[in-house]
1. So, R0 is 41 Å and r is the distance between the beta-carbons of residue A:39 and residue B:62; what FRET efficiency does that work out to, to 0.05?
2. Compute for chains A and B the buried accessible surface, both sides summed, probe 1.4 Å, and express it in Å² to the nearest 100.
3. Could you give me the ³J(HN,Hα) list for the range A:40-54, computed from phi with Karplus coefficients 6.51, -1.76, 1.60 and θ = phi - 60°, whole Hz, x at Gly and Pro?
4. Round to a whole number: what % of the accessible area of the protein assembly as shown belongs to carbon and sulfur, probe 1.4 Å?
5. Enumerate the lysines that residue A:52 could reach by cross-link, defined here as Cα to Cα under 22 Å, with residues fewer than 8 away along the same chain left out.
6. If exposed chymotrypsin sites (Phe, Trp or Tyr not before Pro) are those in a DSSP loop with at most 14 other Cβ within 10 Å, what is the longest stretch of chain A that has none?
7. The range B:4-113: Rg/Rh from Cα coordinates, Kirkwood Rh?
8. Using θ = phi - 60° and the Karplus relation 6.51 cos²θ - 1.76 cosθ + 1.60, list the HN-Hα couplings for the range B:36-43 in order, rounded to whole Hz, with x at every Gly or Pro.
Amino acid sequence: GDSVTQMEGPVTLSEEAFLTINCTYTATGYPSLFWYVQYPGEGLQLLLKATKADDKGSNKGFEATYRKETTSFHLEKGSVQVSDSAVYFCALSNFGNEKLTFGTGTRLTIIP
Amino acid sequence: NAGVTQTPKFRVLKTGQSMTLLCAQDMNHEYMYWYRQDPGMGLRLIHYSVGEGTTAKGEVPDGYNVSRLKKQNFLLGLESAAPSQTSVYFCASSYLQYNSPLHFGNGTRLTVT
C-alpha cells in the first residue's frame, strides 16, 4: 500500500538558517503530494502541493519539488524565521484510495 | 468563513463514560474524516464519510462510532471511554476524494482518567 516516510525530528535551527525536511514515498500510479503545517494548538493546514512529476509547490517561502525518479518531495526554505516553528507533515493522495496517507510529522523549532 | 468547527475543545471523561464529538463544516464538502493524533504516531484515521448517510472504517475504528445524518455534520461517539482513547481528535473535510486538500478543525483534546 501507499506509505510516506519523513525525516524524524525534532529539528532545531537558528533563525535565517536553511531548512530541508526530507520526505519519500511509496505508491503506485501517479499520486499527488502535499505538505501540511500544524502550529501549536491548531489543526493542520495545507502549506503546498504538487500534482505531477517535476511540479514545484511553493508558499510562504517554502518549496518542494515532486521527484518521481527518487520518489521524494523534500521541503525547503532558504531562511527560516521563529514563526516557522511548527510540526510539518508530508502526505500523499492516490487515485482509488479514499484517504490521505500521512507521514509521522517533523517538529521544527527555530531559535532567535 | 468558519470552515471546520469542532466542539468541544477540551473534555475530561472517566473510564466507561460516553460522549459525542461534533464536527461541522460550511464548505459543502462531500468527504469528512475523523483522525486522532498521538505523540510520535502522527495522524491515524478513525472513520470517514464519502457523503451524507455514509460512513466507513479507517485504520483505528475500534471503540468509536460515527454518524453523518446531515452533509455538514460528522459526529464521533465514544460509547465506553478507555484511557487508551486519551488523544487529540481532529475532524477534516475535503471537496474531492483525490487531489483535494483537507481542511482541518482545531481539534478536541480528550483525557480519559
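1. Efficiency for this residue pair is about 0.85.
2. Chains A and B together bury roughly 1800 Å² of accessible area.
3. Rounded to whole hertz, the list is x, x, 10, x, 6, 9, 5, 9, 6, 8, 9, 10, 8, 3, 6.
4. Details: 5410 of 10730 Å².
It is 50 percent, rounded to a whole number.
5. A:60, A:68, A:77, A:99
6. A:19-94
7. Numbers: Rg = 13.0 Å, Rh = 13.8 Å.
Taking Rh as the inverse mean 1/r over Cα pairs, Rg/Rh reads 0.95.
8. Going residue by residue, I get 10, 10, 10, x, x, 10, x, 9 Hz, with x marking Gly and Pro.
The values are calculated or read from the model by the stated rules, or taken from the named source; none is laboratory data. Computed from a predicted structure; not experimentally measured. Positions of Cβ are generated from backbone atoms using ideal geometry, with glycine treated the same way; all protein chains shown enter the neighbour counts. All accessible areas refer to the heavy atoms of the entire protein, side chains included, with ligands and DNA or RNA removed. Shrake-Rupley method; radii C 1.70, N 1.55, O 1.52, S 1.80 Å.
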